[in-house]
1. Quick one: if you stick a label point 7 Å off each Cα along the C-beta vector at residue 139 and residue 234, how many nm between them?
2. Compute the distance in nm between two label points, each set 7 Å from the Cα along the Cα-to-Cβ direction, one at residue 178 and one at residue 247.
3. So how much slack lies between residue 12 and residue 70, counting 0.36 nm per residue of separation and subtracting their Cα-Cα distance, in nm?
4. How much length would be gained if the chain were fully extended between residue 190 and residue 224, taking 0.36 nm per residue of separation minus their Cα-Cα distance, in nm to one decimal?
5. Calculate, for residue 206 and residue 61, the FRET efficiency according to 1/(1 + (r/R0)^6) with r their C-beta to C-beta distance and R0 25 Å; round to the nearest 0.05.
6. Ranking request for peptides 131-138, 170-177: highest mean number of other beta-carbon atoms within 10 Å first, then the rest in descending order.
């Protein structure tokens, strides 16, 4: 099976390629959406795994262009990052998500994404979907409000969600195994991750932010076994993004 990895950061492509080739997949690479479209014209693929924020053509546009093509309408398409560089990027991402994955958005437990999308949709030309988002938001916060039927606003305003927030609490954190090869070579340091703490307290969407590559596999394996008492908003568990550091040190 051929998979196309699309990411403008070479080390990210290398890491994902190593993982997927170990699972038996044949891998193609592209540095942005335009390169990905050109690559698919040269060689068909069975699925796409794409970053979101990229130069020339981002992941959302790539998804749109892929779905427009009758040949690729049903091609599996996976986004593997949730990183935005600015509030403007986050608003654009929420709007794009609403366009391309409305059903998933209306089921999401990710409060940050849900309310960001609702903020984007107020005063929308699509009041039906805006009201559907608002109904979903009220399941979490009864006083949620958005002017779905009014004119679009020209200035950004803050959507107040308020409520009693209780932060996640770590309850299980197995230590990683020190990779024998890295230990023999004296490699030490800290591996930095971004990850999702789900409403069930489990870790998912683990993304490497930095650190010695030789320590990555064991660090990630340990983090995926961590468990939390989840964050709650008004007594209801919700998904949150967090950062996790795994330290490796040799005893001298």
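What follows draws every value from the coordinates through simple rules; no lab data is involved. Just so you know, these numbers come straight off a predicted model, no measurement behind them. Cβ sites come from the backbone with ideal geometry, for glycine too, and all protein chains shown count toward neighbours.
1. Taking the two extended label points, one gets 1.3 nm.
2. 1.4 nm
3. Working: separation 58, 0.36 × 58 = 20.88 nm, distance 2.97 nm.
That pair, residue 12 and residue 70, stretches by 17.9 nm at full extension.
4. Working: separation 34, 0.36 × 34 = 12.24 nm, distance 1.66 nm.
Residue separation times 0.36 nm, minus the Cα-Cα distance, leaves 10.6 nm.
5. 0.45
6. Ranking the peptides 131-138, 170-177 by packing returns 131-138, 170-177.
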